[in-house]
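Colleague: Below is a structure I'd like to ask you about.
The values are calculated or read from the model by the stated rules, or taken from the named source; none is laboratory data. Quick caveat: nothing in here was measured; it's all calculated off a predicted structure. Note that each Cβ is placed from the backbone with ideal geometry, even for glycine, and that neighbours are counted across all protein chains shown.
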Amino acid sequence: MRNCKGFSLAETLTALGIWSILLSIIIPQMMVLVQERRNVEQMNIAYKIIHEKTEQVIFHHTAKINEKISMNGVDYELNWREGKNYSKGCITWTNNSKQEKEVCLSA
């Protein structure tokens, strides 16, 4: 009998082919997940900002000032809109997917 101490060339090339197919599927999906995670983080920051600013207006009676806020390399723009019986604070930003997003809370 022959002395077999390893994999044959065909077995190695088959395994390499399977791995390359799997990685070509998994890596783009991972990139999408990372981008969506960043978008969710930006949305959470926007909710935090609008919540804090609305709280200041309601409870501390601060002035409603339209302003631009930069956090973690993202520019958020806060705008106040007046209604009949309420004020509405909206924060807009452009996410990593280059989409304009907006979050609003009423005060």
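Colleague: Identify all residues within the range 74-89 that are among the small types (Gly, Ala, Ser) and either touching a residue at least 24 places away in the same chain (Cβ under 8 Å) or in a strand (DSSP E or B) (or both); write none if there are none. Steps first, please.
Modeller: Residues of the range 74-89 that are among the small types (Gly, Ala, Ser), as a first pass: 83, 87, 89.
Scanning the range 74-89 gives SER87, GLY89.
Colleague: Tally up the residues in the range 75-87 that are in contact with a strand residue (DSSP E or B) (Cβ under 9 Å, 6 or more places away or on another chain) and more than 16 Å from GLU52 (Cβ to Cβ), please.
Modeller: Pass one, the range 75-87, residues in contact with a strand residue (DSSP E or B) (Cβ under 9 Å, 6 or more places away or on another chain): 75-83, 86-87.
Going one step further and asking which of them are more than 16 Å from GLU52 (Cβ to Cβ), we end up with 75, 81-83, 86.
The total comes to 5.
Colleague: So, one more: From (1) surrounded by 11 or more Cβ atoms within 10 Å (Cβ to Cβ); (2) under 24 Å from the mean Cα position of the chain (by Cα), pick out the condition that doesn't hold for PRO28.
Modeller: Tallying (1) surrounded by 11 or more Cβ atoms within 10 Å (Cβ to Cβ); (2) under 24 Å from the mean Cα position of the chain (by Cα), PRO28 fails exactly one: (1).
Colleague: For the range 55-106, enumerate the residues that are of a type in the set (A, V, I, L, M) and either under 26 Å from the mean Cα position of the chain (by Cα) or loosely packed, with under 13 Cβ neighbours inside 10 Å (or both). Give the steps one after another, and end with the answer.
Modeller: Applying the first criterion (of a type in the set (A, V, I, L, M)) to the range 55-106 yields 57-58, 63, 65, 69, 71, 74, 78, 91, 103, 105.
Selection gives ALA63, ILE65, ILE69, MET71, VAL74, LEU78, ILE91, VAL103, LEU105.
Colleague: So, one more: Tell me, yes or no, whether the range 84-91 has at least one residue that is aromatic (Phe, Trp, Tyr), over 24 Å from GLN35 (Cα atoms) and modelled with pLDDT of 90 or more.
Modeller: Filtering the range 84-91 down to residues aromatic (Phe, Trp, Tyr) leaves 86.
Right, trim to over 24 Å from GLN35 (Cα atoms) and you get 86.
Now narrow it down to the ones that are modelled with pLDDT of 90 or more: none.
No; the residues of the range 84-91 include none that is aromatic (Phe, Trp, Tyr), over 24 Å from GLN35 (Cα atoms) and modelled with pLDDT of 90 or more.
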